[in-house]
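Here the structure comes first, spelled out in structure tokens, and everything after it is commentary.
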Amino acid sequence: MEPTNVKDPEYFHKVVDCQYACPAHTPVPEYIRLIAQEKYAEAYMVNWESNVFPGILGRTCDRPCEPACRRGRLEDEEPVAICRLKRVAADNKGDIEHLLPKKQEKMNGKKVALIGAGPSSLTVARDLAVLGYEIHLFDEQEKGGGMMRSQIPSFRLPAEVLDGEVSQILNIGVHTHFNTYVKSLKEVIDQKYDAIFVGTGAPKGRNLELPGRLEGAANIHIGIEWLASVAFEHTTKIGEKVIVLGGGNTAMDCCRTSRRLGGKDVKVIVRSPFAEMKASPWEKEDAIHEDIPIIDNHVPKSFVTQNGKLIGMNFEKVHAVYDANGKRSLEPTGEAEVFFEADDVLIAVGQENSFPWIERDLGIEFDKWEMPVVNQTTFQSAVPNIFFGGDASLGPKNVITAVAQGHQAAISIDLFCNGKAVTERPAPFTNLYSTKMGIHEWAYDSEVSNDDRYVVPQADKAVVLKDRKKEVELGFNLPTGFKEAQRCLNCDVQTVFTESKCIECDACMDICPTNCITFTTNGEEEDLRSRLFVPAENHSQALMVSDILPTGKVMVKDEDVCLHCGLCAERCPTSAWDMQQFLYNTSKAGSCH
Amino acid sequence: MTYIKSKFAHPNLPKNKLGYTRKEYEGSLTTLCAGCGHDSIGAAIVEACWEMSIEPHKVAKLSGIGCSSKTPAYFLNNSHGFNSVHGRMPSVATGANLANKDLIYLGVSGDGDSASIGMGQFVHVIRRNLNMTYIVMNNGCYGLTKGQDSATADAGSKSKAGSVNMFEGIDLCGLAIELGATFVAQSFSGDKHQLVPLIQAAISHPGFALINVLSPCVTFNNNVGSTKSYDYVREHVEATGTLDYVPPMTEITTTYTDDETKMVEMHDGSWLRLHKLSQTWNPDDKISAINALQHSHVKNEILTGLLYMNNESKELHSLLNTTDVPLNKLNESVLCPGVEILEKINSEFR
């Protein structure tokens, strides 16, 4: 193999698994260390700059970082509770008013309209407002937040937290136009904005057209619409027997909300097997904890009504069959249909984009699924000054993805408004510096904690089920937060190898607790992988290969289960190994001029 | 201050026939200097024992005093160990071996412990052909007392402070062959590829097996002008040949027709695959081994690999014709058979 080019920031970026997996590339180990140092405000600001909504995401994020966490690849280990540590930073940040940007005094003369006030639009608003753009934010709701307000129930995300983080952005001098439904994009275009950003989400809940749908309509609700109606207090109760259809996070929010509005016998009924449900495992656990059974492998067939009123639903039992390519199909078991009683049914089987307000003759291209054609890097549409982001751009995903897309769209808008090519993306900001302080002394806690993952405490079930606004999760207290933070392996403290200093004494290879390092003769990647001290079978993890050493061998390090404990560097007599802290920040709007 | 080795291991660590990973053969975290050759030798011992699927409790590690003699703390933590008096490890090993011949005896010593204070013990344990593996971690200096020249430092070798050693160094391998050692090898801590099979062959060998391992002292003897530095050894090393250890019960399918390669069956059923690099050297010919050593001295080369092996070796127990059952397993009635038997024995001497 060719020597690994560690000068390419993407190499070390990929070693920081959590940060790499995060759509917004938040420097996770960096803020976890700050939490351990009791620097909560600083930890919050690292998050705020990167993901805009630390308090919100610390409670509701889909956490793509956690399945990626290196700790999860160790034997009998679970990932670091990254998401809930973020909440520790948010809960304990104290007064950060002085750290937040203020309304710009000098504007740059450019006007940008943002349609929809959800996470992606708010991200664009923040990134551009600080640069002096005049931001106009439009939303049909009475407050900002979008789906974070209408779809995420208060028992998961208290209104104060949401309001607080939305205001932090609006206070930078954003002109808000709430209670304003934009019914025509053409009208917005006519206002002569320099750029328009569409962040209207995926507002349409999918319906299920089954027999009995019309007769039972009064007691059959679309999940996200029903959640919004609860959030805005138009709906305050539900029947005692509730069926929730669907297996995603919306279904989990629907069933748990039902339990708080009077639902006593609430069940989730889903087509797929339990393990393949789209909902996050922890959300399923929380639902089950609230006495909500999840009945899998049941396909809804019909709504059953009596005297024009819904009394329940019929289901067909199926089982999953997989073809040679692993593609799943659900085949009926042949058993008789089963009937479940219900006073109300909530349909949470997915949501869709909907753009009835965008005229089709404006030059914006739509594909065969009626989705706007948007560049996946620049988020620019076929009309150069109109950009899309969040669920409105590439379909329904999650808050953190919307934020990441918002940042990219903001960069594009800034480039566009400065007459630069939107395809010329600014490089990330990176830094790499030694953490060596002395013998056996590093600027980070190199000792690897043996603790198991800590469980986030929850409020008493009897209490939370009585009040839909009472937050269920209590968050880590500070001592537990510290211990959980210490579980982080500091993957951003990189093992940097300098061939010219190596005397090939094997000390690093002998000491490495997880046998990551091998000195051997060079070869092609597959061959090398098979010849390592422990063969490197996880192909998603890179090999770091040195140049040829004096004996003709190369140093090969398998990044897979490196603990970043620094023992290789401690045992290296010549400092050929060094532990160097790597910082990678994706660029934000404004970094290109 | 950290310096703590994590309990976490690679989840795919291979297991040996006993179901153990290398972790079960490791020791405490070393306190030797970073980059010390001794640690590499320790790692080679771990590798050798793991690969041979030796039950850790069947090994006794014995050592004297010195940096080298500290190392048994850093490998085979599940084995027996005895850290003895300076230079007196061979006596303790002899006593232990006579009491329980069922254990594998692994002696670890240094150039000071063997070639100076312990020289008297060293030569006699060789003469007696005690069944043990005796590894000398040889760095040519007294590292524990700040690097004075030891008795194995070569004449002309320069110390870190710049003084040149005027005395001839003792060649432990030449001496051992001279004294009738039945297995003599020399190796380099920086070459595990060679060292691991040598340790395995030494453990399999019935009788005294010496491996003199050049093990650079990074702190006091790794300077330019030293003949025991990493660089010097790498530049001057020459191998007699290569040796592969083939564990017992392995089916030998290849036959070698060339003169250079041969399979040697060991007492425990394992095999050594010897591949000669030198035409004039023969591992079972003492004279050729001494010649090869002397020639390499003249050429300023460091000869490594297996130097000499007598596969007909008779170790101490068979020389003394002791009981098959180890002495420590015999009960009192067998060990003290009574007055009548004693009388009978005594009468034989009258």
So which of A:ILE196, A:ILE152, A:ILE169 ends up being among the aliphatic types (A, V, I, L, M) and under 22 Å from A:MET371 (Cβ atoms)?
A:ILE196
Take the residues of the stretch A:245-269 that are among the hydrophobic types (A, V, I, L, M, F, W, C) and touching a residue at least 60 places away in the same chain (Cβ under 8 Å): which is surrounded by the fewest Cβ atoms within 10 Å (Cβ to Cβ)?
A:LEU261
In the stretch B:9-32, the residues that are in contact with a Cys (Cβ under 9 Å, 6 or more places away or on another chain) and facing another protein chain (nearest Cβ under 7 Å):
B:HIS10
With respect to B:SER215, is the statement that it is at pLDDT 95 or above, within 14 Å of chain A (Cβ to nearest Cβ) and under 18 Å from the mean Cα position of the chain (by Cα) true?
yes
If I ask for residues that are part of a strand (DSSP E or B) and more than 19 Å from A:LEU245 (Cα to Cα), which ones from the stretch A:327-351 would you list?
A:ARG328
So which strands (runs of 3 or more DSSP E) are wholly in the stretch B:213-308 and hold at least 2 residues that are in contact with a helix residue (DSSP H, G or I) (Cβ under 8 Å, 6 or more places away or on another chain)?
B:237-239, B:241-246
Selection within the stretch B:41-84 - over 20 Å from B:GLY143 (Cα atoms) and part of a loop (DSSP other than H, G, I, E, B)
B:MET52, B:SER53, B:ILE54, B:GLU55, B:LEU76, B:ASN77, B:ASN78, B:SER79
If you take just the helices (runs of 4 or more DSSP H) that sit entirely in the stretch A:463-565, which of them hold at least 3 residues that are within 14 Å of another protein chain (Cβ to nearest Cβ)?
A:507-511, A:525-531
Criterion first (without any contact (Cβ under 8 Å) to a residue 40 or more places away in the chain, surrounded by fewer than 19 Cβ atoms within 10 Å (Cβ to Cβ) and among the basic types (Lys, Arg)) does A:LYS284 satisfy it?
no
Taking B:HIS205 as the residue in question, decide whether it is touching a residue at least 12 places away in the same chain (Cβ under 8 Å) and within 14 Å of chain A (Cβ to nearest Cβ).
no
Working only within the stretch A:197-214, note down all residues that are in contact (Cβ under 8 Å) with a residue 60 or more places away in the chain and more than 25 Å from the chain's Cα centre (by Cα).
A:ASN207, A:LEU208, A:LEU210, A:PRO211, A:GLY212, A:ARG213
Looking at (1) within 14 Å of another protein chain (Cβ to nearest Cβ); (2) in contact (Cβ under 8 Å) with a residue 60 or more places away in the chain; (3) part of a strand (DSSP E or B), which is the only condition A:ALA569 fails?
(3)
Looking at A:VAL112 and the list (1) touching a residue at least 24 places away in the same chain (Cβ under 8 Å); (2) under 23 Å from A:PRO479 (Cα atoms), which single condition is not satisfied?
(2)
Just checking, does the stretch B:70-88 include any residue being of a type in the set (Val, Ile, Thr), more than 11 Å from chain A (Cβ to nearest Cβ) and more than 16 Å from the chain's Cα centre (by Cα)?
yes
Which one of these does A:ARG156 not meet: (1) touching a strand residue (DSSP E or B) at 6+ places or on another chain (Cβ under 9 Å); (2) surrounded by fewer than 23 Cβ atoms within 10 Å (Cβ to Cβ); (3) outside any strand (DSSP E or B); (4) without any contact (Cβ under 8 Å) to a residue 60 or more places away in the chain?
(4)
Sole exception among (1) crowded, with 21+ Cβ neighbours inside 10 Å; (2) in contact with a Lys or Arg (Cβ under 7 Å, 6 or more places away or on another chain) for B:PHE208, by number:
(2)
Would you mind telling me which numbered condition in (1) in a helix (DSSP H, G or I); (2) within 11 Å of chain A (Cβ to nearest Cβ); (3) closer than 30 Å to A:ARG71 by Cβ B:HIS38 fails?
(3)
Please determine, by comparing only the residues of the stretch B:237-265 that are closer than 18 Å to B:LYS299 by Cα and either of a type in the set (Gly, Ala, Ser) or exposed (fewer than 15 other Cβ atoms within 10 Å of the Cβ) (or both), which one is farthest from the other protein chains (Cβ to nearest Cβ).
B:GLY241
Does B:GLY180 satisfy the criteria of being closer than 30 Å to B:ILE54 by Cα and touching an Asp or Glu at 6+ places or on another chain (Cβ under 6 Å)?
no
Quick check: is even one residue across the stretch B:317-328 among the charged types (D, E, K, R), surrounded by 12 or more Cβ atoms within 10 Å (Cβ to Cβ) and more than 30 Å from B:GLU235 (Cβ to Cβ)?
no
The stretch A:1-27, subset surrounded by fewer than 23 Cβ atoms within 10 Å (Cβ to Cβ) and of a type in the set (Ser, Thr, Tyr), residue nearest to A:ASN585 (Cα to Cα):
A:TYR20
Within the stretch A:32-82, the count of residues that are in a loop (DSSP other than H, G, I, E, B), over 14 Å from the mean Cα position of the chain (by Cα), surrounded by fewer than 23 Cβ atoms within 10 Å (Cβ to Cβ) and not charged (D, E, K, R) comes to 3
Could you check A:GLY164 against (1) touching a residue at least 40 places away in the same chain (Cβ under 8 Å); (2) in the same structural domain as A:ASP343 (by TED's automatic domain parsing); (3) of a type outside the set (Asp, Glu) and say which number it fails?
(2)
Quick check: is even one residue across the stretch A:97-117 surrounded by fewer than 24 Cβ atoms within 10 Å (Cβ to Cβ), under 20 Å from the mean Cα position of the chain (by Cα) and at pLDDT 95 or above?
no
Please pick out the residue among A:TYR444, A:TYR433 that is within 14 Å of chain B (Cβ to nearest Cβ) and either at pLDDT 95 or above or farther than 22 Å from A:TRP282 by Cα (or both).
A:TYR444
Just name the residue that is nearest to the chain's Cα centre (by Cα) out of those in the stretch A:539-552 that are farther than 19 Å from A:THR495 by Cα and not β-branched (Val, Ile, Thr).
A:HIS539
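The values are calculated or read from the model by the stated rules, or taken from the named source; none is laboratory data. Computed from a predicted model, the values in this text were never measured in an experiment. Glycine also receives a Cβ, built like all others from the backbone with ideal geometry; neighbour counts cover every protein chain displayed.
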